[in-house]
Amino acid sequence: MSTEALEKMLAKGMDNAVLRFGLGKGYLDAAEFAQAAEHLQRCVEFDAQYSAAWKLLGQALNKQGLHDEARAAWQQGLRVAEEKGDKQAGKEISVFLKRLDKPAR
């Protein structure tokens, strides 16, 4: 579903974690990182146990150069993934954290 269609749903008052995740992912894919981060932040406010949303939130923040905020989101996402047994998300987030900590060349 397009971000336009999802935005219409949001405008009609249909606001929940899944809708915000879809908007965040759509904007992230469209390289609209600030809008992606805004929706993903709302997503994790609805559901703090949404490890995939934490992962994408970290990506959106990192793409904006907000490295400390990205690290915090990924660290929270890693904790959530470990608590839930979400091994795939945990592995992916661990890779992002390692890349973030690599010195720039």
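Tabulated values for the structure
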{"item": "Unmet criterion (only one of (1) part of a helix (DSSP H, G or I); (2) out of contact with any helix residue (DSSP H, G or I) (no Cβ under 7 Å at 6 or more places or on another chain)) for GLY65", "result": "(1)"}
{"item": "Test result for LEU40, assigned to a helix (DSSP H, G or I) and in contact with a His (Cβ under 8 Å, 6 or more places away or on another chain)", "result": "no"}
{"item": "Single match in VAL80, VAL95 (criterion: over 23 Å from TYR27 (Cα atoms) and aliphatic (A, V, I, L, M))", "result": "VAL80"}
{"item": "Single match in ARG71, ARG20 (criterion: closer than 22 Å to LYS98 by Cα and either modelled with pLDDT of 95 or more or more than 10 Å from the chain's Cα centre (by Cα) (or both))", "result": "ARG71"}
{"item": "Scan of segment 32-48 for residues that are over 9 Å from the mean Cα position of the chain (by Cα), over 15 Å from LEU66 (Cα atoms) and either at pLDDT below 95 or not aromatic (Phe, Trp, Tyr) (or both), ordered by number", "result": "ARG42, GLU45, ASP47, ALA48"}
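The values are calculated or read from the model by the stated rules, or taken from the named source; none is laboratory data. All values derive from a computational prediction rather than experimental measurement. So basically every Cβ, Gly included, is an ideal-geometry build from the backbone, and we count neighbours across all protein chains shown.
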